[in-house]
Amino acid sequence: VQLVESGGGLVQAGGSLRLSCAASGSTFSINDMAWYRQAPGAQRELVAAITNGDGNTDYLDSVKGRFTISRDNAKTTMYLQMNSLKPEDTAVYYCNVGLGVVHYWGQGTQVTVTS
């Protein structure tokens, strides 16, 4: 599975960005998709996840009500709509897809929020 991310950038606090992650390859076997982020000097953390079967979602507490994870009908492209961005959201954002016990990572996209 290959993952291509896009949509990162520089935005002022309170602004919005939409990240995309397009999967190709053995996408029929994808069972879950997620976004992680890693700020400088910090551990990578799970931001949002969605299960391909029933579409259940889960979010990091600090982004609940501001971020929305979704996927297209083909379940091969995942999105992260980020609203009301804060400087503490600054990080490299990575998409992650799971095929059984194997997980694949995107290359990461930088999100920088200025105050």
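The values are calculated or read from the model by the stated rules, or taken from the named source; none is laboratory data. From a predicted model like this one, the values you see are computed outputs, not experimental measurements. All Cβ positions, glycine included, derive from the backbone under ideal geometry; neighbour counts span all protein chains shown. We work out accessible area using only protein heavy atoms, side chains counted, and drop any ligands, DNA or RNA first. Shrake-Rupley method; radii C 1.70, N 1.55, O 1.52, S 1.80 Å.
Annotations for the structure displayed:
- Of all residues in the range 95-115, those satisfying the criterion of being loosely packed, with under 15 Cβ neighbours inside 10 Å and among the polar types (S, T, N, Q) are Gln107, Gln110, Thr114, Ser115.
- Considered as a group, the residues in the range 75-94 that are in contact with a helix residue (DSSP H, G or I) (Cβ under 8 Å, 6 or more places away or on another chain) and outside any strand (DSSP E or B) include one that is surrounded by the fewest Cβ atoms within 10 Å (Cβ to Cβ), and that residue is Glu88.
- Any hit, the range 30-41, residues being under 16 Å from Asn83 (Cα atoms), assigned to a strand (DSSP E or B), at pLDDT 95 or above and of a type in the set (Gly, Ala, Ser): no
- The residue that is surrounded by the fewest Cβ atoms within 10 Å (Cβ to Cβ), counting only those in the range 2-25 that are on the phi < 0 side of the Ramachandran plot and part of a loop (DSSP other than H, G, I, E, B), is Ser16.
- Within the range 95-115, the set of residues being over 12 Å from the mean Cα position of the chain (by Cα), in contact (Cβ under 8 Å) with a residue 60 or more places away in the chain, under 15 Å from Val1 (Cα atoms) and assigned to a strand (DSSP E or B) comprises Gly98, Leu99, Tyr104.
- Qualifying residue in the range 34-57 (condition: among the hydroxyl-bearing types (Ser, Thr, Tyr) and touching a helix residue (DSSP H, G or I) at 6+ places or on another chain (Cβ under 8 Å)): no
- Check on Val102, of a type in the set (A, V, I, L, M, F, W, C) and touching a Pro at 6+ places or on another chain (Cβ under 6 Å): no
- Residues that are of a type outside the set (Val, Ile, Thr) and open to solvent by 10 Å² or more (accessible area, probe 1.4 Å), drawn from the range 60-74: Leu60, Asp61, Ser62, Lys64, Gly65, Arg66, Ser70, Arg71, Asp72, Asn73, Ala74
- For the range 43-59, the set of residues classified as farther than 19 Å from Leu85 by Cα and either part of a loop (DSSP other than H, G, I, E, B) or open to solvent by 30 Å² or more (accessible area, probe 1.4 Å) (or both) consists of Gln43, Thr51, Asn52, Gly53, Asp54, Gly55, Asn56, Thr57, listed by residue number.
- Residues within the range 72-95 that are more than 16 Å from Tyr36 (Cβ to Cβ) and charged (D, E, K, R), tallied: 3
- Of the set (1) in a strand (DSSP E or B); (2) more than 22 Å from Ser6 (Cβ to Cβ), all apply to Ser62 but (1).
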